[in-house]
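> Let me begin by handing over the structure; questions about it come next.
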Amino acid sequence: MDESAALDVTAARAVETADGDRVLWSDADRDWANRAAAAIVGERASADEFLARRAGLVLERIGTRQPAVTRTVRGIRWRPWVGVVTVLAAFALGMLIDRIGGGSSINLLAPPVFALVAWNLVVYLWLLARPLVLGRGAPGPARSLLIRVASVRAPLHGGPADAATAARRTVLAGLPREWARVAAPLYSARAARVLHLAAAATALGVIAGLYLRGLVFEYRASWESTFLGAEQVRALLAVTLAPGSWITGIPVPDVAAIEAIRAPGSENAATWMHLMAGTVAVVVIAPRLVLALAAALLERRRARRVRLPLDEPYFRRLIAGWVGEATRVRVIPYSYTLAPAARAGLDEVLARAFGNAVATVDEPVGWGDDERSNPMTDAAPGTPDIRLALFSLTATPEEDAHGAFLSGLGPGPALVDESAFLARWGDDPQRRETRRAAWRELVEAHGGTPVFVDLAEPDLPAAGAQLADAASARASGDAGDARGR
Amino acid sequence: MGADAAAGLDTAGAVSLSLISHTNAGKTTLARTLLGRDVGEVRDAPHVTAEATPYPLVQTGGGDLLTLWDTPGFGDSVRLARRLRQDRNPIGWFLSQVWDRYQDRALWLSQLAVRNVAEQADVVLYLVNAAEAPADAGYLAPELEVLDWIGKPVLVLLNQTGPPRERTAEDADVARWRAALAGAGHVRGVLAFDAFARCWVQEFTLFDTIAPLVPDASRPAFARLTAEWRRLRLADFDLSMAALAEPIARAAADRIVLESEPLAKRVGGSLGLPDPVRSKARADAAEQLAARLRADQRDGLQRLIAIHRLGGSAADAVLERVAGDIRLDAPLDETRTAALGGVVSGALTGLGADLLAGGLTFGAGMVAGAIVGALGGAGLARGINVVRGRSESSLAWEDAFLDGLVTSALLRYLAVAHYGRGRGDWREGEYPPHWRPIVVEAVVGAQAQLASAWARRGDGDGAVLRGLEPAIARLARELLDRLYPGVLARAIDAP
């Protein structure tokens, strides 16, 4: 998936997951987006195409209602001009560095050029050592700063908010964070390209500054030292200017020539300038350009193929709903007939927890009914992905009845409806807690995870999340078992 | 020990009731509530009670005895019913008990219960969990089958109905279960009888319903036992009324004489000139008055709790609520209010301000709360009245405030009377919302009678009590009759 599509998908995901109360983006909207995107991309399309198309539709529709979302999405895209400005500023800086450095004489032992070369060598070493120290892909401080300036920003907060505003804020706060996570490798390469170019530009600026000023002033070359004699200086310069000497073909002057320009003596600096420029070109500019090119290639590849965390429940649900079979959820009430209000609540909770899953609710299994207490033997079509036991908190959990049923069902999430209990004992939290504890003990003894919900008035975000967690804990437990075998 | 002890008790004039149900339906809780003492073990878990235990419920002077058996709950009822179907000979399964005892506790406990009922019970009290729909109580059918096999008359009690509710809701529950149990041959009646929130008046209905189910030979004895039960409960009622009325009568007669003031000051006061010394004196006096009321109310509630054989104490926290419970719901007499306004001088408004500022911190929160509650915040200082005599002024509770005390006393009485001991120590909870309107209505209806009681306050609390106690007793009976129509009248008319 390319960068722009990935951003759309991430934005759509931020809208759909952050808006827990479904104020901005309702269940109907979600369904519509699923159906419309599936209709447009057709059966043969890949999951990426489907997700991208769907995200486009989501943003289009929500953009008309919440322009702030569109603005934010636009706002967190990479700004190429920041890169251009950075490179130009680096060039200007390079020109200025030389100006600051020396007036009209070049101290052979302390020119800014040497500092530049030394710094870049340190950087090359760092680039080699970085994967060992920081680990792969983590951007260093310079890159992070650049990324922050050029794209991802923290959104603004403040003022009181109604439900829609609060929801929008959650979305807008979540999106940049989420995008920064998804696009981190791409942005890291991009920042690396800009920074390499900027380093090359700085070096070029230094040289350009020297030559430009060399046209109108005469630079004099000289050196002085408390500790070093001409021979040592010659040796030092021979080593440091060797790359320049190699590329320009100009030999480094001999000891006598160097002795001659010891301060207060001096000579015209043209030769030295060529040597220095050559050195900078070889040590800084060329390698940096190569690195920039490599970063650019990497950036292009990553921009074409942004990796989304498709194994997260949100994407899994969407993809499962489109390709392959939807998650099938089978709810098996045990000795409990749901009141109509609780039934409606159950549907909502299931929709929340399992997205567009196909959920069926069985006829209640009769209390202590041995023949039917093993639902695995039921003649139900297909094997559901998730089997969900449903109990009522009004019942006392009994090993012989409820426990036997759970044993037949195998470990998994168990939903305990509190609506009937609360209708009787609403004002007695202590009583509810002891009953909950009894259920928790029984369900956990059978390897399951109890989820307590008042189905008559479910707290949808919490209940949905708990149930999804309980079900996926089970699923990942299965995967772990499978790997173990 | 069960069988032998019971055999000894099984003489003429003895009746046995067996409490039986699915496990954790609340048998022991109900036994505690009926007995008024902590028997057995109560926990929200299955199979807490592991043996059948007899408890003497009531005894007459003539040696009649009503025994209540608490039994283990039915566990695996389906299997129990199946085993009975296969093997109708009880000897067979008694022999297998040893095996079951270790292998299948639930089944073994069920057998114990069945055996007890089969051997001991004259009438079976079968408890069901009314919070569950009858259709969801999957154990119901096999358990009825077992009861059918036992062949004793069964009275179904709906337990776990929740806090007291409107009668229509209760009736709907009863109708639902009655319909579900229509086919069961031995079920002779269905009663809503919650172990947590039953009222003693409902026990009369329980006895009346049991009476025709008792074997013919025991009927005279049961009638005598019923009469004894009624006598005990009505005696409790009379004691309760005294416990309610006495603190209020004392509050009505209570007064604190304020120090007399020079004429000039009195004139200044009636002109509304502020006087910090007088304000302070009156605030102190009001606080004393409130402290006395508070202590009295606490003792009264403590007595009420003891009379109803409940545990726990009337904590101060509970009494803080009394103030909140007092609310004047009757329209104020306009002329009287106007006269009151004249008597209550500006200084008393100052008292109100004092109370508001510091009252909540130095313990007069009760007064502030009561006053605000009594008059809905309109006339802040009017809960306490300054009565100006010829030479001295005194501070006393305002009539409307005393009416408020009657309302709150009756509400608390209902709360205590509906508090089953099985629920544990008494603690104050929210009152069911349908109580307050009927209590207020009753108190407003009795205002004339109350006013005549307050009119005698000058003659001391004894005089007030003579008028107040019958008034409160009549109000309480009215209320109970409204909640449980006809039951009390029948009980009082009965020989």
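The values are calculated or read from the model by the stated rules, or taken from the named source; none is laboratory data. It should be emphasised that the depicted structure is a prediction, and the values quoted were computed from it without experimental measurement. Note that we place each Cβ from the backbone using ideal geometry, even for glycine, and neighbour counts take in every protein chain shown.
> Between A:ILE207, A:ILE247, which is more than 12 Å from A:THR271 (Cβ to Cβ), part of a helix (DSSP H, G or I) and without any contact (Cβ under 8 Å) to a residue 40 or more places away in the chain?
Result of the check over A:ILE207, A:ILE247: A:ILE247.
> Here is a follow-up. Among A:PRO458, A:PRO429, A:PRO411, which is more than 8 Å from chain B (Cβ to nearest Cβ) and either more than 20 Å from A:THR360 (Cα to Cα) or among the polar types (S, T, N, Q) (or both)?
Details: A:PRO458 fails: either more than 20 Å from A:THR360 (Cα to Cα) or among the polar types (S, T, N, Q) (or both); A:PRO411 fails: either more than 20 Å from A:THR360 (Cα to Cα) or among the polar types (S, T, N, Q) (or both).
Of the residues listed, the single one that is more than 8 Å from chain B (Cβ to nearest Cβ) and either more than 20 Å from A:THR360 (Cα to Cα) or among the polar types (S, T, N, Q) (or both) is A:PRO429.
> Has the range A:252-260 got at least one residue that is at pLDDT 85 or above, farther than 26 Å from A:LEU406 by Cα, outside any helix (DSSP H, G or I) and touching a helix residue (DSSP H, G or I) at 6+ places or on another chain (Cβ under 6 Å)?
Keep residues of the range A:252-260 that are at pLDDT 85 or above, which gives A:252-260.
Checking which are farther than 26 Å from A:LEU406 by Cα leaves us with A:252-260.
Checking the rest, the ones that are also outside any helix (DSSP H, G or I) come to A:252-254.
In the following step, the residues that additionally are touching a helix residue (DSSP H, G or I) at 6+ places or on another chain (Cβ under 6 Å) were identified as A:252.
For the range A:252-260, residues at pLDDT 85 or above, farther than 26 Å from A:LEU406 by Cα, outside any helix (DSSP H, G or I) and touching a helix residue (DSSP H, G or I) at 6+ places or on another chain (Cβ under 6 Å): present.
> What's the number of the only condition in (1) closer than 29 Å to A:VAL84 by Cβ; (2) without any contact (Cβ under 8 Å) to a residue 40 or more places away in the chain that A:ALA189 fails to meet?
(2)
> Another one. Inside the range B:456-465, can you point out the residues that are surrounded by 13 or more Cβ atoms within 10 Å (Cβ to Cβ), more than 16 Å from B:SER394 (Cα to Cα) and either touching a Cys at 6+ places or on another chain (Cβ under 6 Å) or not charged (D, E, K, R) (or both)?
B:ALA463, B:VAL464, B:LEU465 - these are the residues of the range B:456-465 that are surrounded by 13 or more Cβ atoms within 10 Å (Cβ to Cβ), more than 16 Å from B:SER394 (Cα to Cα) and either touching a Cys at 6+ places or on another chain (Cβ under 6 Å) or not charged (D, E, K, R) (or both).
> Considering only residues that are within 14 Å of chain A (Cβ to nearest Cβ) and touching a strand residue (DSSP E or B) at 6+ places or on another chain (Cβ under 6 Å), which ones fall in the range B:108-127?
Across the range B:108-127, the qualifying residues are B:SER110, B:LEU127.
> Hey, B:LEU244 hits all of (1) at pLDDT below 90; (2) in contact with a Leu (Cβ under 9 Å, 6 or more places away or on another chain) but one; which does it fall short on?
All conditions pass for B:LEU244, except number (1).
> Report every pair of residues separated by at least 6 positions or lying on different chains whose Cβ atoms are under 6 Å apart, first residue within the range B:54-80 and within 14 Å of chain A (Cβ to nearest Cβ) and assigned to a loop (DSSP other than H, G, I, E, B), second among the β-branched types (Val, Ile, Thr) and surrounded by 21 or more Cβ atoms within 10 Å (Cβ to Cβ).
Listed by first residue and then by second, the contacts come to B:PRO72/B:THR49; B:GLY73/B:THR23; B:GLY75/B:THR23.
So that you can scan it fast, the table gives a plain yes or no per residue for (1) under 30 Å from A:ARG193 (Cβ atoms); (2) at pLDDT below 90:
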site	(1), (2)
A:MET276	yes, yes
A:ARG288	yes, no
A:LEU297	yes, no
A:ARG300	yes, no
A:ARG304	yes, yes
A:PHE315	yes, yes
A:GLY324	no, yes
A:VAL329	no, yes
A:SER335	no, yes
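> Okay, moving on. On the basis of being more than 26 Å from the chain's Cα centre (by Cα) and not hydrophobic (A, V, I, L, M, F, W, C), does B:GLU143 make the cut?
Details: more than 26 Å from the chain's Cα centre (by Cα): yes; not hydrophobic (A, V, I, L, M, F, W, C): yes.
So B:GLU143 fits the description; yes.
> So, one more: Please find, within the range B:96-110, the residue that is nearest to B:ILE150 (Cα to Cα) out of those that are in contact with a helix residue (DSSP H, G or I) (Cβ under 6 Å, 6 or more places away or on another chain) and at pLDDT 70 or above.
Selected residue: B:SER110.
> Please go through the range B:136-150 and pick out each residue that is away from chain A (no Cβ under 14 Å) and either at pLDDT 85 or above or in contact with a Cys (Cβ under 9 Å, 6 or more places away or on another chain) (or both). First the steps, then the outcome.
To start, the set of residues in the range B:136-150 that are away from chain A (no Cβ under 14 Å) comprises B:147-150.
Scanning the range B:136-150 gives B:LEU147, B:ASP148.
> Only one of (1) more than 10 Å from chain A (Cβ to nearest Cβ); (2) in a helix (DSSP H, G or I); (3) in contact with a helix residue (DSSP H, G or I) (Cβ under 8 Å, 6 or more places away or on another chain) fails for B:PRO164. Which number is that?
(2)
> What number goes with the only condition from (1) crowded, with 16+ Cβ neighbours inside 10 Å; (2) within 14 Å of chain A (Cβ to nearest Cβ); (3) touching an Asp or Glu at 6+ places or on another chain (Cβ under 8 Å) that B:GLY429 does not pass?
Among (1) crowded, with 16+ Cβ neighbours inside 10 Å; (2) within 14 Å of chain A (Cβ to nearest Cβ); (3) touching an Asp or Glu at 6+ places or on another chain (Cβ under 8 Å), the lone unmet condition for B:GLY429 is (1).
> Name the residues in the range B:457-488 that are over 19 Å from B:TRP200 (Cα atoms), modelled with pLDDT under 90 and either assigned to a helix (DSSP H, G or I) or of a type in the set (A, V, I, L, M, F, W, C) (or both), would you? Give the derivation first.
We begin by selecting, within the range B:457-488, every residue over 19 Å from B:TRP200 (Cα atoms); these are B:457-471.
If we keep only those that are modelled with pLDDT under 90 as well, we get B:457-461.
Across the range B:457-488, the qualifying residues are B:ARG457, B:GLY458, B:ASP459, B:ASP461.
> For the range B:297-312, give me the residue count where each residue is in contact (Cβ under 8 Å) with a residue 24 or more places away in the chain, among the small types (Gly, Ala, Ser) and under 26 Å from B:LEU57 (Cβ atoms). Don't jump to the end; show me each part of the working.
Kept after step one, since they are in contact (Cβ under 8 Å) with a residue 24 or more places away in the chain, are these residues of the range B:297-312: B:297, B:299-301, B:303-305, B:307-312.
Subset that is among the small types (Gly, Ala, Ser): B:300, B:311-312.
Right, trim to under 26 Å from B:LEU57 (Cβ atoms) and you get B:311-312.
Selection size over the range B:297-312: 2.
> With the structure loaded, tell me whether A:VAL451 is free of Cβ contacts under 8 Å to residues at least 40 places away in the same chain, more than 11 Å from chain B (Cβ to nearest Cβ), closer than 16 Å to A:LEU338 by Cβ and out of contact with any Phe, Trp or Tyr (no Cβ under 6 Å at 6 or more places or on another chain) or whether it fails that test.
Values: free of Cβ contacts under 8 Å to residues at least 40 places away in the same chain: yes; more than 11 Å from chain B (Cβ to nearest Cβ): yes; closer than 16 Å to A:LEU338 by Cβ: yes; out of contact with any Phe, Trp or Tyr (no Cβ under 6 Å at 6 or more places or on another chain): yes.
Judged against the criteria, A:VAL451 is a match.
> Here is a further query. Tell me, which helices (runs of 4 or more DSSP H) lie completely within the range A:368-485 with 3 or more residues that are in contact with a strand residue (DSSP E or B) (Cβ under 8 Å, 6 or more places away or on another chain), at pLDDT 75 or above and under 19 Å from B:TYR139 (Cα atoms)?
Details: elements: A:404-409, A:419-425, A:429-445, A:460-484.
The helices (runs of 4 or more DSSP H) meeting that bar number zero.
> Tell me whether the range A:81-103 contains one or more residues that are touching a strand residue (DSSP E or B) at 6+ places or on another chain (Cβ under 6 Å) and more than 30 Å from A:PHE354 (Cβ to Cβ). Spell out how you get there, then give the answer.
So the first thing to find is which residues in the range A:81-103 are touching a strand residue (DSSP E or B) at 6+ places or on another chain (Cβ under 6 Å), and the list is none.
No, the range A:81-103 contains no residue that is touching a strand residue (DSSP E or B) at 6+ places or on another chain (Cβ under 6 Å) and more than 30 Å from A:PHE354 (Cβ to Cβ).
> Could you tell me which numbered condition A:ALA404 fails, if it satisfies all but one of (1) within 14 Å of chain B (Cβ to nearest Cβ); (2) surrounded by fewer than 21 Cβ atoms within 10 Å (Cβ to Cβ); (3) touching a residue at least 40 places away in the same chain (Cβ under 8 Å)?
(3)
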